[in-house]
Each structure stands twice: as C-alpha cells, then as structure tokens.
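Engineer: Encoded as structure tokens, here's the structure I'll be asking about.
The values are calculated or read from the model by the stated rules, or taken from the named source; none is laboratory data. None of the values given here were measured: they were computed from a predicted structure. All Cβ positions, even for glycine, are placed from backbone atoms using ideal geometry, and neighbour counts span all protein chains on display.
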Amino acid sequence: MLRSLHAALRAAATARATLAVTAAVLTVVALARITPLPEEATVVAWPALAAAFLFDTALYNEAGIVVGDTGFWMLAALGCYAEAVAVVALARWIRSRLRAFRRSKSSS
C-alpha cells in the first residue's frame, strides 16, 4: 500500500495535469491578490494558503526567520503545487478504482 502510494505521488508530481492544476490554482491566487474576487471563487486556494501561513509561522516561531510578503507568496506557490499533486493523485486513484469497478461489473 505504501509503495503504491509513493509511486502514485511520484507519478502525479511529474504529470502534465499537475502543471495545469497548479497554473489554475496560481491564477486564482493571483486574481484574488489583484482583484476583489468573491470568497467562493478562492475556496480552491485555501489549502495552499493555509500551508503558506503554517510554514511562515513555523519559520518565524522556530527559527526567527521573517519571510515577508514576497516570501509568503512564494510559500503559497509551493503550497499550490503540493495541492495540485494531491488533487491529481486523488483523481487518478478514483479513476483507477472506477475502471476496476466497471471491469468487474462487465465481466460478471
């Protein structure tokens, strides 16, 4: 189980779909930064922003490092990438489970 999870995450980390999802989430974050978007539109970026807040706070509290505004948005971009990897890995897992389910239905 753990070995297949590692392989799935590695495959998702280098997939083209991950690049597309990262670009989409970064676009939402950038638009939210520039324009007043409705709160509902920014929900997809909340996990990435929460990760950025967590890392920013941990860096300051544990190491005394102040990343500033630019550093925070760089952490948010890394969070967007991590969120995209998780989304692509989950989508691939669900798709493989649905294929297996459909195959078992058609063979019986």
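Engineer: Of the residues in the range 84-108, how many are over 16 Å from T22 (Cβ atoms) and assigned to a helix (DSSP H, G or I)?
Structural biologist: Looking only at that region, the number is 15.
Engineer: What are the residue pairs meeting all of these: first residue in the range 22-43, first residue more than 20 Å from L78 (Cβ to Cβ), second residue buried (at least 16 other Cβ atoms within 10 Å of the Cβ) and at pLDDT 85 or above, Cβ atoms under 8 Å, and 6 or more apart or on different chains?
Structural biologist: L37/V28; A41/V28
Engineer: While we're looking at this one, here's another question. Scan the range 16-25 for residues that are in contact with a helix residue (DSSP H, G or I) (Cβ under 9 Å, 6 or more places away or on another chain) and surrounded by fewer than 17 Cβ atoms within 10 Å (Cβ to Cβ) and jot them down.
Structural biologist: Listed by number, the residues that qualify are A17, L19, A20, A23, A24.
So that you can scan it fast, the table gives a plain yes or no per residue for (1) modelled with pLDDT of 90 or more; (2) surrounded by 11 or more Cβ atoms within 10 Å (Cβ to Cβ); (3) among the acidic types (D, E); (4) in contact with a Pro (Cβ under 7 Å, 6 or more places away or on another chain):
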position: A11; (1), (2), (3), (4): no, yes, no, no
position: T27; (1), (2), (3), (4): yes, yes, no, no
position: A41; (1), (2), (3), (4): no, yes, no, no
position: A52; (1), (2), (3), (4): yes, yes, no, no
position: Y60; (1), (2), (3), (4): yes, yes, no, no
position: G68; (1), (2), (3), (4): no, no, no, no
position: A91; (1), (2), (3), (4): no, yes, no, no
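Engineer: Mind checking which residues of the range 49-68 are among the acidic types (D, E) and within 21 Å of T22 (Cβ to Cβ)?
Structural biologist: Listed by number, the list holds a single entry, D56.
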